[in-house]
Every structure is written in C-alpha cells, then in structure tokens.
Amino acid sequence: MHLETDVLVIGAGGAGMYAALEAAKAGASVLLADRSLIGRGGATVMAQMTVAAALGEQTPDSWEYHLSDTLAAGRGLCDERLATMMCQEGPARIREMDAWKVGWARNGDHIAQIHAPGHDRPRCVYVDVLSTGPAVSRTLRTQLNLANGIRRVGDLAIVDIVVRDGIACGAVAVHLSTGEPVTIAAKSVIIATGGLTRLYRRNSASFNMGGDGYALALRAGAELIDMEFVQFFPIGHLAPRLVGMDPIMWDPFRYKLGGKLLNAEMHEFEDDYAAQDARSDGNYVLTRDRATYAISKEVESGRGSPAGGAYLSFKHVPEAELRRSFGQVIDKLAANGIDLTQQLVEVAPIAHYHMGGVRVDETMQTGIPGLYACGEAVGGANGANRLSGNAITEAFVFGARAGQCAAKTALQAAANWSNEAAAPALNMLRASEKRDTPNLSVAVTDLQALMADKVGPFRTEEKLAEAIVEIDRMASELGAAPPSSGQSFDPLLIDWLDLRNMLQVAKAVAVPALARTESRGAHQRDDHPGLDEAWTLNQIVSLSGGDISLARGANISKKASA
Amino acid sequence: MKAILEIKRGTPGAEPHIETFEVAFEHGQSILDGLRAVRHETDPTLAFRFACINANACKECMMLIDGKVDYACTVRLKEGVTTLAPLPKKALVRDLVTEIAPPDERLHGKG
Ligand SMILES: Cc1cc2nc3c(=O)[nH]c(=O)nc-3n(C[C@H](O)[C@H](O)[C@H](O)COP(=O)(O)OP(=O)(O)OC[C@H]3O[C@@H](n4cnc5c(N)ncnc54)[C@H](O)[C@@H]3O)c2cc1C
Ligand code: FES
C-alpha cells in the first residue's frame with residue numbers, strides 16, 4: 001500500500017499529537033502514525049506526576065528562573081537555544097491545554113503549582129489523582145478529532161525513513177495487524193517516537209520505547225547528541241507487584257513524609273553516604289544520583305532487599321497523616337494489596353528518561369533537510385540531567401514547533417518520493433521468511449541485562465568495552481532479514497525489528513559513554529569520578545559505513561559559567 | 001505457584017484451537033506477566049496486544065479472561081486454570097489480538 005501526505009508524524013505521544021495539530025493548523029495535510037494505538041503507546045499516557053512551566057500562578061515566576069534551574073541541572077551541557085524555547089514557550093502551551101480542558105488541578109481560583117526537587121519555587125502543574133498523562137493524552141486526542149486534515153493510523157510501525165538525494169521524502173512502514181508493507185511519501189517527516197528506556201532491565205518504559213526514533217534518525221543520516229546521558233530514577237517501584245501506578249510515584253511522598261530507605265538489615269543507610277555529598281536537595285538526605293549510588297552499592301554489598309533493591313518505609317508516619325498525604329492513592333495501593341502502615345515496599349533505580357537524542361536546530365530540523373524531531377526523541381534541552389516536569393513541557397513545545405516548521409517546509413516543497421530509495425527497506429521486509437531463530441524475546445532480555453549491568457548508572461571502561469563487543473556479537477547474530485511466522489500481527493517480526501533498532505541504539509549509548517572519561521549528571525564513571533571541565537562538551541553520534549562513529553562538539557564551558 | 005493458561009488461538013477464517021501453557025508465578029503477577037513469560041519461555045509466536053505493562057494506561061490489553069472482558073495487566077495470575085480468548089465482539093487479528101482501534105484510526109478505513 002502507498003500513502004501520500006505533506007507531513008508524516010511518527011509517534012502519537014504528547015509531542016507527535018501536538019506536532020500534528022500545529023502542522024494541520026498551518027495548512028498541511030498530516031499523517032499521524034503510531035505502532036500502537038493513537039495516543040496510547042508511549043510515555044505520555046503513562047506519566048502520572050507533574051509538568052513544569054513558569055506560569056506564576058502559585059508564586060511569582062518567570063521563564064528565566066525556570067531556565068536557570070534547567071541549565072543548572074544540565075551541568076553545563078544544555079543546548080541553551082532548546083532549553084530557552086522550552087522554558088519560554090512552556091507557559092503558553094500549558095494554558096492552551098487548560099483552555100482545552102485538560103483539568104489542571106486548582107488551588108482556590110488559580111492553577112495549583114507544586115514544588116518539585118531541583119526547581120527554585122512551586123512550578124509544577126498536575127491533574128488529580130495521578131492523572132496527568134492520561135488527561136493530557138485524552139485532551140490531545142479530542143483536539144485531533146476536532147481538527148481537519150489529520151489522518152491517524154495506528155498499528156503502523158515505521159521501519160525506515162526514506163531519503164533521496166540527501167532529503168527526507170517519506171518512510172517505509174509495516175502495518176502490524178495485516179503484516180503488509182506500506183510506503184509513505186511525505187514532503188517532511190517528524191520523528192516523535194519518544195525515549196529508549198526499554199533498553200534496560202528495570203525501566204518505566206512501555207513496549208514501544210526501545211528507541212526506534214534514534215535508530216531511524218541514524219540510518220537516515222542524521223546525528224544524535226548526548227546519547228550517554230540516560231536518567232535513572234533512584235526509587236522506582238520494584239516489589240510487591242504494583243499495577244496501575246506510575247513506578248516513580250513514591251518520590252513526592254518520600255519527599256513530603258520523609259520515607260526511610262532501609263537495607264536488608266533494616267538499617268537506614270542514607271546517612272552513610274551523605275557525608276560524601278555536599279549537595280543536599282531540599283528534603284532529601286541525598287540527591288537523586290547519590291541515592292541511586294547508595295542503593296546500588298548496598299545491593300552490591302549483599303545488603304539489598306529480596307527483589308534486589310532497598311526497602312522504603314512509611315511505617316513511622318501516623319495513619320491519619322498517610323491518609324491525608326496520599327489521599328485516594330491509599331485506595332489504589334490497597335487494591336494492590338499494599339498497606340503502608342504495616343508493610344515496606346521495595347524500590348530500586350530504574351531507567352526513566354533519555355536526555356540524549358536526535359540533534360536538531362531551532363526549527364527542530366535535523367541535518368537532513370525535511371527530517372525533524374521533537375519530544376523525548378530530541379537531545380540537548382536537558383543536557384546531562386533533566387529536572388522533573390520538564391519532559392512533558394518539552395514534548396508540547398518542541399512538538400508544536402516541529403509541526404509548524406515541518407508544515408512550512410512541506411508546503412514549499414515538491415514531492416520528492418523515490419521508489420528506488422525506498423527499495424532497501426521494502427526488500428528487507430519482503431525478504432522475511434519462516435525460519436528457525438533463537439527466541440528473540442529472550443535476546444531482548446539479554447540485551448536489557450547487558451545494558452543494566454554494563455551501561456547502567458555506574459560505568460567503567462572495562463564494562464563499557466565488554467558491552468560494545470557483546471552488542472556487536474548480538475547484532476551479527478540477528479542477521480539481515482527478519483524471520484516471520486505468518487502474516488498478521490507477527491510477534492517474531494516485531495521482536496526482530498525491535499532488536500535491530502535496540503542494538504543500534506544500545507551501541508549509540510555505550511560508545512560515547514566509553515569515550516567520556518569523567519562523571520557528570522546521569523553519566524557516572526566509577527573509574528573517572530568527578531566532573532572534568534575539559535569535558536564540558538557534547539558528543540555527537542552518527543552512522544558511518546554502517547557503524548557508530550563519534551565526534552566531539554566544541555567546549556561550551558564559557559557559556560555554562562556565564 | 002503454577003498457573004495454567006488455556007489460550008484460544010488462531011487467525012480469521014481458520015478454526016480456532018486451544019493451547020495450554022503452564023507458567024510459574026509469584027503472588028501479585030498479572031495475566032500479562034504470564035503471557036510474556038509464555039512467549040519468553042515456550043512459544044514466541046503467541047500474539048497479544050499491550051503497551052504500558054504496569055500503568056494500566058494504554059488500555060490495549062483487553063481480552064476475555066475466564067469469560068469476562070478485562071485487562072490482562074490488572075487481573076492476577078492464579079493457581080489452576082485460567083482461560084483466555086480474544087474479545088468476542090471485535091474482529092479477530094491473531095490469537096488474542098483483535099481490531100480495537102476506532103474505525104477512523106485504522107489503515108483500511110472505517111469498518
Ligand atoms: C512512567 C513514566 C512517568 C513519567 N512521568 C513524568 C512526569 O510526571 N512529568 C514529566 O514531565 N515527564 C514524565 N515522564 C517523561 C515523559 O512522560 C516523556 O518524556 C514524554 O511523555 C515523551 O513524550 P513523547 O511524545 O516524546 O513520546 P511518547 O509519549 O513516548 O510517545 C512516543 C510514541 O511513538 C510511538 N512509536 C515509537 N516507535 C515508533 C515507530 N517505529 N513507528 C511508529 N510509532 C512509534 C510509540 O508507540 C508512542 O506512542 C514520565 C515517563 C514515564 C515512562
Ligand atoms: S498493558 Fe496497558 S492497560 Fe494493560
């Protein structure tokens with residue numbers, strides 16, 4: 001099947017939906033494709049916490065304050081153009097969502113804003129009760145329904161971007177529910193595929209977050225930036241099994257109620273690590289990266305909880321206060337059989353967000369004309385570490401901008417589609433054949449374990465080098481053509497396509513992590529502790545001769561200290 | 001603990017058949033955890049739809065569980081037999097996967 005559109009948007013999360021709306025508003029025809037159902041497949045619908053924007057509703061605020069907090073968290077590596085755009089345009093998008101009746105929680109007659117760690121004042125909006133992401137998704141889906149000129153297609157996994165004479169001209173996809181290959185001619189293409197945290201064993205990811213967009217960009221000839229910076233969230237939920245709740249939900253309660261972190265000996269271990277750390281953050285004993293470190297070290301020393309993390313205890317908090325603070329969350333926990341007055345939960349660091357991503361300019365265009373990116377798929381705005389609440393703001397702001405700019409390009413461009421340029425990807429799909437392969441869903445978990453153990457929050461030269469060798473081995477084992485069990489909704493084909501991308505992206509993380517011989521933000525090297533001014537620069541990953549190649553940007557430390 | 005999953009499998013037009021899988025589980029694990037374990041340990045060709053795994057946010061994992069429409073990610077595994085079948089009122093795609101997208105969000109249009 002062949003489709004034609006002005007603008008192809010790949011991924012229908014917050015970024016992709018915003019991009020589609022703005023591109024249509026600018027007069028372009030839009031095809032919004034998602035490998036899952038529209039508005040359901042990625043992180044946006046799963047986010048339950050907060051969104052940061054300097055609205056000044058709760059306390060006087062200005063985007064400049066938000067920017068300086070963002071730059072401080074990014075430890076000198078933020079792309080200031082992108083960070084500025086996010087902070088400056090965030091408030092307008094949050095108010096637009098409010099006008100679309102997303103339902104931001106109110107405090108009396110104004111929008112409520114709470115104080116999240118790393119921000120200098122109350123700045124974060126939310127939708128009660130733990131409903132931010134579902135409300136955002138629902139609101140944008142409603143706007144899509146009301147808009148003209150947007151064709152939405154679910155179950156459509158983009159396999160490769162088609163580039164002709166150095167210009168993006170569309171994509172090759174597979175329609176999952178029929179298995180049929182689909183070509184899409186587009187005058188501009190937007191990657192809005194979200195993050196890559198499915199690469200790790202413990203994560204907050206959906207099934208669709210193996211980092212497709214980074215692989216698509218690489219193979220199209222675009223560059224990635226800051227790929228070594230994967231954010232681990234220190235106290236992600238581990239056990240007992242908890243369904244229906246964001247695995248990072250413990251954090252605000254721990255912050256507010258002083259939840260205690262205990263090891264297997266029921267010892268409160270944070271203080272043992274606090275002495276080593278001058279920077280304490282508000283109500284925390286340890287900053288997030290130190291908490292990740294402390295929990296990991298306790299587990300390594302054999303003092304971990306049964307599931308391999310730490311215990312989190314609220315048992316010291318009186319029941320009435322728990323009820324007051326947790327509100328209806330207590331009932332959701334009870335439905336999962338968890339009673340905090342009686343019981344400890346287990347938490348551990350989990351991969352949660354990716355700071356790195358596709359390298360773009362102020363128009364969200366990559367180095368490949370006609371190819372854009374937005375949302376978590378983009379790198380740069382958050383540098384070496386992200387503040388809580390910035391990711392959804394970034395999805396809105398960059399999504400809108402990408403939609404506008406991609407539409408402008410598309411409306412000025414002539415169709416540039418080329419069957420010849422699409423042939424390699426199409427042929428690969430057509431070459432899929434019934435054959436015996438090792439169980440690729442096992443290969444995915446092997447890769448996740450490898451990434452967690454060797455390219456996780458604490459890295460060394462030895463581990464990273466081993467990881468790269470193993471990734472290469474797995475990639476050569478995967479082969480050049482997918483296996484297949486049949487026609488419609490073929491899980492073997494999906495596993496193969498996922499692994500093809502995941503292995504490429506895993507290497508795109510490991511290679512710059514090996515090169516960066518310092519510790520900064522989310523990239524911590526046990527063999528190179530401490531930040532090194534000489535490394536105040538961004539690393540850029542691209543594909544050269546089919547393999548990952550690395551370049552260094554200019555040192556930007558002057559700008560960072562100004 | 002061991003759960004026995006009796007799964008109705010097949011493709012449109014073909015006579016469906018029941019396949020039975022045994023999975024080990026821990027207290028609190030979901031049917032979806034069990035299905036993922038089956039793919040991982042026994043049969044990677046088993047098809048079922050899901051995205052969010054833990055959040056119960058995507059609403060893609062609906063199927064017939066012991067005869068009732070429910071989410072595979074919220075219903076817990078139990079000892080003994082659990083029957084799983086595709087949604088009865090939706091067009092079958094494969095195994096437990098049905099066509100659940102709104103008609104105007106499908107490649108092949110409405111209907
Ligand atoms: C559990 C959780 C909680 C979070 N909580 C917060 C929070 O409270 N506040 C905050 O600011 N941030 C939070 N984040 C981060 C934030 O939600 C994300 O960064 C943001 O939503 C990303 O939006 P996006 O549109 O870029 O990507 P996503 O929402 O992830 O959407 C990407 C879409 O692309 C689709 N896709 C992927 N590959 C392909 C392909 N090959 N073909 C077609 N489609 C494809 C996916 O199916 C998906 O629908 C959280 C993240 C998680 C996982
Ligand atoms: S897997 Fe998302 S709701 Fe069940």
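Values for this structure:
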{"read-out": "GluC sites (Glu not before Pro) lying in DSSP loop within the stretch A:191-277, provided at most 14 other Cβ fall within 10 Å", "value": "A:Glu265"}
{"read-out": "Amide H within-cut-off set for A:Gly367, under 5 Å, with H built and near neighbours excluded", "value": "A:Glu223"}
{"read-out": "Other protein chain Cβ atoms within 10 Å, averaged over every residue that makes up A:176-185", "value": "3"}
{"read-out": "FRET efficiency, A:Glu420 to A:Ser301 (Cβ-Cβ, R0 60 Å, nearest 0.05)", "value": "0.55"}
{"read-out": "Per-residue [θ]222 nm for chain A (sum of -39500 (n - 2.57) over DSSP H runs n ≥ 4, rounded to 500)", "value": "-11500 deg cm²/dmol"}
{"read-out": "Chain A: translational diffusion in µm²/s, Stokes-Einstein, Kirkwood Rh over Cα pairs, 20 °C, 1.002 mPa s", "value": "90 µm²/s"}
{"read-out": "Partnerless cysteines, meaning none of the other Cys C-beta atoms lie under 4.7 Å away, in the protein assembly as shown", "value": "A:Cys78, A:Cys87, A:Cys124, A:Cys169, A:Cys374, A:Cys405, B:Cys61, B:Cys73"}
{"read-out": "Diffusion coefficient, µm² s⁻¹, Stokes-Einstein with Kirkwood Rh over alpha-carbon pairs of the stretch B:2-105 at 4 °C and 1.567 mPa s", "value": "94 µm²/s"}
{"read-out": "Nearest 10 degrees, 0 to 90: helix A:288-300 Cα axis against chain A principal axis", "value": "80 degrees"}
{"read-out": "Carbon plus sulfur fraction of accessible area for the stretch A:45-189, probe 1.4 Å, in percent", "value": "49 percent"}
{"read-out": "Accessible area in square angstrom per residue, the protein assembly as shown, 1.4 angstrom probe", "value": "36 Å²"}
{"read-out": "Near-label residues of the stretch A:293-308 by backbone N, under 20 Å of a point 7 Å along Cα→Cβ of A:Glu268", "value": "A:293-299, A:303-305"}
{"read-out": "Global geometry of the stretch A:167-238, whether rounded, prolate or oblate, following the gyration tensor of its Cα atoms and the 1.5 cut on a/c", "value": "oblate"}
{"read-out": "Rounded to 10°, Cα long-axis angle of helix A:419-430 versus longest principal axis of chain A", "value": "60 degrees"}
{"read-out": "Degrees, to the nearest 10: A:390-412 long Cα axis against longest axis of chain A", "value": "20 degrees"}
{"read-out": "Principal axes of the stretch A:443-554: Cα extent on each, largest first, Å", "value": "54, 27, 21"}
{"read-out": "Accessible-area order (highest first, 1.4 angstrom probe) of the listed residues A:Thr197, B:Thr74", "value": "B:Thr74, A:Thr197"}
{"read-out": "For residues of B:81-93, the mean tally of beta carbons on other chains within 10 Å", "value": "1"}
{"read-out": "Given charges at Cβ of Lys, Arg, Asp, Glu: the stretch A:419-467 dipole, positive-most of A:Val442, A:Ala467, A:Ala425", "value": "A:Ala425"}
{"read-out": "With DNA, RNA and ligands ignored, accessible area of B:Glu22 (1.4 Å probe; Å², nearest 10)", "value": "110 Å²"}
{"read-out": "Dipole magnitude (debye, nearest 20) for the stretch A:375-471, charges at Cβ of Lys, Arg, Asp, Glu", "value": "440 debye"}
{"read-out": "Pairwise label distance in nanometres, B:His108 with A:Arg121, each label 7 Å out on the Cα-Cβ vector", "value": "5.7 nm"}
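The values are calculated or read from the model by the stated rules, or taken from the named source; none is laboratory data. Predicted model only: the values in this text are computed from it and were never measured. A quick note on method: Cβ atoms are made from the backbone with ideal geometry, for glycine too, and the neighbour counts reach across all protein chains shown. Surface accessibility is based on the protein's heavy atoms, side chains included, excluding ligands, DNA and RNA. Shrake-Rupley method; radii C 1.70, N 1.55, O 1.52, S 1.80 Å.
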